[in-house]
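Working notes for the structure below.
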Amino acid sequence: MSSNQPLHVVHALDELTGPEHGTMELPLHVAWSGLRAFDLDQLRQRLGLYRTVLAEGMREDLRRFLNRDSLLELWPLLRRFISRAIKEVWEEAFPELRP
């Protein structure tokens, strides 16, 4: 993520309606380097997808690829692997994500 790239966030966590299971392939504008296909049933790959989408995705990508329940479940671990800026924006918007 470039330092001048705007951070995107949804208006409500209920907008995050992506899948909880299966394999997802991210488009090139989101995963432009490295792994593009992620097995959501593998914790490490699910964390990788969420980290990538949070850092590189537009608002519509957040809605399409992230899932509300999965984000809430993953957040305590995920927040260690994302940038401070992303963490602050999301935790400010959604206090339920704060530790």
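Taking H placed 1.01 Å from N in the peptide plane, check which residues at least 5 places from Asn67 or on another chain put their amide H under 5 Å from its amide H.
The answer is Gly18.
Return the carbon/sulfur percentage of the accessible area of the chain, one whole number, probe 1.4 Å, all protein chains in place.
Numbers: 2870 of 5820 Å².
Ligands and nucleic acids excluded, carbon and sulfur give 49 percent.
Leaving out ligands and nucleic acids, and using a 1.4 Å probe, what accessible area per residue does the chain come to in Å²? Intermediate results must be reported in sequence, preceding the final value.
Values: 5820 Å² over 99 residues.
Dividing the accessible area of the chain by its residue count gives 59 Å².
Around Leu40, which amide H atoms from residues at least 5 apart in sequence, or from another chain, sit under 5 Å from its own amide H, with H modelled in the peptide plane?
Close amide H contacts, sequence-distant or interchain: Gly22, Thr23, Met24.
Please express the Cα-Cα pair-distance distribution P(r) of the chain as a list of whole percents, one per 10 Å bin, running from 0 to the bin with the greatest distance.
Percent of Cα pairs in each bin: 16, 56, 28, 1.
Tell me, what HN-Hα J-couplings in whole Hz come from the Karplus equation 6.51 cos²θ - 1.76 cosθ + 1.60 at θ = phi - 60° for each residue of the stretch 18-23, using x for Gly and Pro?
x, x, 9, 9, x, 10
Looking at the chain, identify the longest residue range that excludes and avoids all trypsin sites (Lys or Arg not before Pro) in DSSP loops having at most 15 other Cβ atoms within 10 Å. List each step's numbers first, then the result.
Details: sites that count: Arg36, Arg80.
By the stated rule (loop sites, at most 15 other Cβ atoms within 10 Å), 37-79.
The values are calculated or read from the model by the stated rules, or taken from the named source; none is laboratory data. What you see is a predicted model; the values in this text were computed from it and never measured. Because the Cβ atoms are built from the backbone with ideal geometry, glycine has one as well, and the counts that use them run over all protein chains shown. Keep in mind that these areas ignore ligands, DNA and RNA; they rest on the heavy atoms of the full protein, side chains included. Shrake-Rupley method; radii C 1.70, N 1.55, O 1.52, S 1.80 Å.
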